[in-house]
1. Please compute the net charge surrounding Ile310, taking Lys and Arg as +1 and Asp and Glu as -1 over other residues with Cβ under 13 Å from its Cβ.
2. Can you check what the net charge comes to around Ser29, using other residues whose Cβ is under 13 Å from the Cβ of Ser29 (Lys, Arg +1; Asp, Glu -1)?
3. Within 10 Å of each residue's Cβ, count the other Cβ atoms and sort Met370, Met378 from fewest upward.
4. Could you tell me which label, among (i) 0.99; (ii) 1.08; (iii) 1.02, carries the value of Rg/Rh (Cα atoms, Kirkwood Rh) calculated for this structure?
5. Dipole size in debye (nearest 20) for region 106-183 around its Cα centre, Lys and Arg Cβ +1, Asp and Glu Cβ -1?
6. Run the helix sum for the chain: -39,500 (n - 2.57) per DSSP H stretch of 4+ residues, divided by residue count, reported at 222 nm to the nearest 500 deg cm²/dmol.
7. Calculate the dipole size of region 9-53 relative to its Cα centre from +1 charges on Lys and Arg beta carbons and -1 charges on Asp and Glu beta carbons; express the result in debye to the nearest 20.
8. Please work out the C-alpha center-to-center distance from region 368-414 to region 82-130 and express it in whole Å.
Amino acid sequence: MPPDTQDHHDDVRIGLSQLWVFTHVARTSSITRSAEVLYRAQSAITQNIQKLEAILGERLFERRPSGVLLTPVGNCIVARANRIFAELQALSDWCMSQGGRAHGHDRVPPYLLNTRRLDVLVALALSHHMPTAARAVGVTQTAVSAAIKVLEVGSGLKLFQRDGRGIISTAHGEEFVLRVRLALKELSLITADISALKGNLRGDVIVAITPLARTIILPKAIARVSVQFPGIRVCTEESPYETINAELRAGKIDFVMTSMRANQETHGLVSELILHDRLIVVARNGHPLTRRKKISLSDLVSEQWIFPRIYAPTRRLVDALFTQQGLVPPTPVVESSDSSILRGTLGTTNMLALLSSQQLRRDLDSGELMVLDVQLPMTQRAIGLCWRDSQPSPAAQVLMDVIREVAHENIESI
């Protein structure tokens with residue numbers, strides 16, 4: 001059996017051609033039948049499996065007189081491998097739908113079964129510069145040119161063009177690269193799956209968050225995960241929704257925690273409601289309005305306000321709140337959802353803010369900020385998790401599970 005060491009799993013690059021053979025052997029439980037289906041010699045099939053086992057440092061099959069059986073490690077990675085090739089098959093089908101080269105609907109064409117070639121494609125798409133792409137992948141510029149030529153001939157589509165900015169993806173190229181990145185993302189998770197199977201959860205989790213998640217829920221979840229699984233590192237991403245959505249679909253982000261939008265595009269994504277949040281009006285401790293009871297919204301129109309940015313989902317709720325009561329929404333003095341800005345501005349002025357009941361929870365609990373006695377009907381928001389329609393990495397799955405626990409604990413206090 002190949003050596004069982006954790007270090008062996010780090011930074012390995014799995015060959016798609018070997019993984020393709022693995023999926024066929026797993027499906028047929030036979031070297032002989034796989035050789036017939038793939039039109040290869042049995043010795044070539046065996047060599048591919050042995051090479052993949054050497055890369056992973058794990059045995060994937062038990063050899064029996066009647067055929068081969070998946071080991072626990074082999075069984076662990078087969079689902080991920082099948083998803084990789086489903087992505088690549090979908091890419092091939094998309095190329096045909098765009099007038100590209102036809103390869104059939106039941107197989108992944110050979111030009112896509114080369115990991116280094118796909119790495120080159122992504123590197124060039126990101127750098128727009130052939131020497132930079134070559135250095136990133138560790139090949140020559142000639143190899144970069146050759147790889148792109150094989151991909152363009154195989155797909156039947158022009159993927160790149162030159163302009164004043166360098167080498168730029170065409171419209172077809174952008175979609176092609178997006179689909180390749182998804183497949184490579186799945187490929188990169190195979191070693192994490194194996195580590196998790198052996199009880200050694202590790203890896204990076206990239207999560208996009210809203211101010212609500214940043215203040216209470218995610219910090220608590222990270223604290224718990226760091227104690228239980230010190231090998232997991234969490235990275236956060238904070239960008240406009242459109243950017244986050246694109247990065248989620250491209251595989252750069254593992255999942256998003258945000259308010260769920262009624263018109264949110266859900267194709268290829270999975271959304272899950274984890275809690276409902278409501279809006280409150282907040283002022284500093286000592287603000288004249290904190291001594292009043294049953295304040296109406298009309299009493300607050302002339303106050304100075306801090307509102308979320310105009311494009312934020314919460315801002316639409318805020319504007320609708322005033323409009324539904326026959327009031328013109330005030331023009332805010334400050335537009336921000338940044339907790340530091342909110343905390344500092346509210347604490348030193350008589351401004352008011354409409355924000356999540358969770359966003360400045362510690363400041364409210366300490367008494368530095370106060371909730372005004374204002375009824376805000378129809379301001380409940382659905383908060384949820386959103387991820388690609390595929391199996392998250394083991395590390396991402398753990399963090400999502402803990403976020404669910406923390407959110408459940410906070411439901412009664414919202």
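1. Once all neighbours under 13 Å are counted, the net charge is +1.
2. In short, +3.
3. Numbers: Met370 20, Met378 10.
Neighbour counts put them in this order, fewest first: Met378, Met370.
4. Checking each listed value against the structure points to (ii).
5. So the magnitude is around 160 debye.
6. Per the formula, -14500 deg cm²/dmol.
7. Dipole of region 9-53, to the nearest 20 debye: 200 debye.
8. For region 368-414 versus region 82-130, the Cα centre distance is 37 Å.
Any read-out appearing in this document is the output of simple, stated calculations on the displayed coordinates, not a laboratory observation. Everything numeric in this text was worked out from a predicted model, so none of it was measured. Methodologically, a virtual Cβ is constructed for each residue, glycine included, from the backbone with ideal geometry; neighbour enumeration extends over all protein chains shown.
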